[in-house]
Amino acid sequence: MKGMFNELSRNKWYYLMALPGLLYFLVFCYLPLPGILIAFKDYNFKDGIFGSRWVGLQNFAFYFQGDYAWRTTFNTLFINANYIIFGTIIAVAFAILLNEIRKSFFRRMYQSLMFLPYFFSAIVVGNFVYLMFSSKFGLFNQLRSLIDQAPIDWYSAPGYWVSILVGVYIWKNTGYAVILYLATIIGIDNELYEAAALDGANRWQNIRYITLPLLVPTITIVTLLAVGKIFYGDFQTIYSIVGDNGLLYETTDVIDTYVFRAVKNVGDISMPAAVGLYQSVCGFLFVLGCNWAVKKINNDNALF
């Protein structure tokens, strides 16, 4: 106990800086934990969490007995896996390309343009996508008409929407990821490149044998953090784009949008709470499994 107080005294300003973040997690992540009980109860507002009738696994059974569980779980994992894979590849590629630009003005300009979509709200993104894919006046159908191709009713064709959602995600979030990777690249000791140049290495060889290997720890950590949310769909963006369009549920309905619709349309929060608990437990186990696999390959790259 004495050692803990000595630690707090020596680094009090650092802990004070961390206090707002700690309070955020305490208020929004730990204090609501007793609400997990709602997943096992027939909840009503009159009796509250502890007074409502206990129903055990009945709320889980309602979700898993239908086809919703398989569809929403598969869509969530499939869409997020595409987010992680293609988002990482494109972000690393752009970070390397930006680092190769020698004029700092152009590098800052390109980086700012790439980072700008990250600040767009989900509503703005949803309207932007509608302008692109509207059946009547969307840009893509206009371009198809110029080459004598028949227009596509995008909002009734679910097969296209995984690619569209992944493209929107990459467009919106690549700029943020590029900053992380570019910071790592800039921090690489320049003497490594100078030594490689003395050995006759060209730019591609520098990237292949120096930049990419030294980016692997950062890529691994960012990927593990992303895997922690692989069971959570990008609800705001997906719902702002798809909304309640049932024609697209086949490929776009994720766990978060299903839970939102269940609360909005039915008003019973017990079953959505059960689905949310299932989502959290699966995500937790998935992170443990991925971190274990990384430790087997390279212990230094694991999160814990």
*Go through region 225-234 and count every residue that is of a type in the set (A, V, I, L, M, F, W, C) and buried (at least 19 other Cβ atoms within 10 Å of the Cβ).*
3
_Quick test of your reading of the structure: Thr218 fulfils all but one of (1) open to solvent by 60 Å² or more (accessible area, probe 1.4 Å); (2) in a helix (DSSP H, G or I). Name the failing condition by number._
(1)
_Close pairs from region 102-120: first within 19 Å of Gly167 (Cα to Cα) and in a helix (DSSP H, G or I), partner open to solvent by less than 90 Å² (accessible area, probe 1.4 Å) and polar (S, T, N, Q), Cβ under 9 Å, at least 6 apart_ = Met114/Thr174; Phe115/Thr174; Pro117/Asn173; Pro117/Thr174; Tyr118/Asn173; Tyr118/Thr174
*Taking region 39-50 as the search range and keeping residues that are free of Cβ contacts under 8 Å to residues at least 12 places away in the same chain and open to solvent by 50 Å² or more (accessible area, probe 1.4 Å), which one is nearest to Ser270 (Cα to Cα)?*
Asn44
*Check region 82-103 and report whether any residue there is hydroxyl-bearing (Ser, Thr, Tyr), open to solvent by less than 70 Å² (accessible area, probe 1.4 Å) and under 18 Å from Ala226 (Cα atoms).*
yes
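Let's see how each residue does on (1) under 18 Å from Pro217 (Cα atoms); (2) open to solvent by less than 30 Å² (accessible area, probe 1.4 Å); (3) at pLDDT below 80; (4) in contact with a Pro (Cβ under 8 Å, 6 or more places away or on another chain):
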| residue | (1), (2), (3), (4) |
| --- | --- |
| Ser270 | no, yes, no, no |
| Ala274 | no, yes, no, no |
| Phe286 | no, no, no, no |
| Asn298 | yes, no, yes, no |
_Residue that is in a helix (DSSP H, G or I), modelled with pLDDT of 85 or more, in contact with a helix residue (DSSP H, G or I) (Cβ under 6 Å, 6 or more places away or on another chain) and of a type outside the set (Asp, Glu), where the choices are Ala195, Ala226_ = Ala226
*What pairs can you find where one residue is in region 63-87 and more than 22 Å from Asp268 (Cβ to Cβ), the other is among the aliphatic types (A, V, I, L, M) and outside any helix (DSSP H, G or I), and their Cβ atoms are less than 8 Å apart, with a gap of 6+ or different chains?*
Asn75/Val254; Leu77/Ile230; Ile79/Val254; Asn80/Ile230; Ala81/Ile230; Ile84/Ile230
_Candidates Gly200, Gly175 - the one that is in a loop (DSSP other than H, G, I, E, B) and not charged (D, E, K, R)_ = Gly200
_Residue match in region 203-214 (condition: surrounded by 15 or more Cβ atoms within 10 Å (Cβ to Cβ), free of Cβ contacts under 8 Å to residues at least 40 places away in the same chain and within 17 Å of the chain's Cα centre (by Cα))_ = no
*Any chance you could count how many residues in region 236-262 are in a loop (DSSP other than H, G, I, E, B) and open to solvent by 40 Å² or more (accessible area, probe 1.4 Å)?*
1
_Any residue that is over 28 Å from Phe286 (Cβ atoms) and under 24 Å from the mean Cα position of the chain (by Cα) - is there at least one of those in region 104-111?_
yes
*Considering only region 144-163, state which residues are farther than 28 Å from Thr72 by Cβ and surrounded by fewer than 12 Cβ atoms within 10 Å (Cβ to Cβ).*
Ser145, Leu146, Ile147, Asp148, Gln149, Ala150
*Within region 263-276, count every residue that is hydrophobic (A, V, I, L, M, F, W, C), over 13 Å from Ala69 (Cα atoms) and not in a loop (DSSP other than H, G, I, E, B).*
2
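The values are calculated or read from the model by the stated rules, or taken from the named source; none is laboratory data. In this text, all values refer to a predicted model and were calculated from it rather than measured experimentally. Neighbour counts are summed over all protein chains in view; Cβ atoms, including those assigned to glycine, are modelled from backbone coordinates with ideal geometry. Quick note on the areas: whole protein, heavy atoms, side chains included, nothing else; ligands and nucleic acids left out. Shrake-Rupley method; radii C 1.70, N 1.55, O 1.52, S 1.80 Å.
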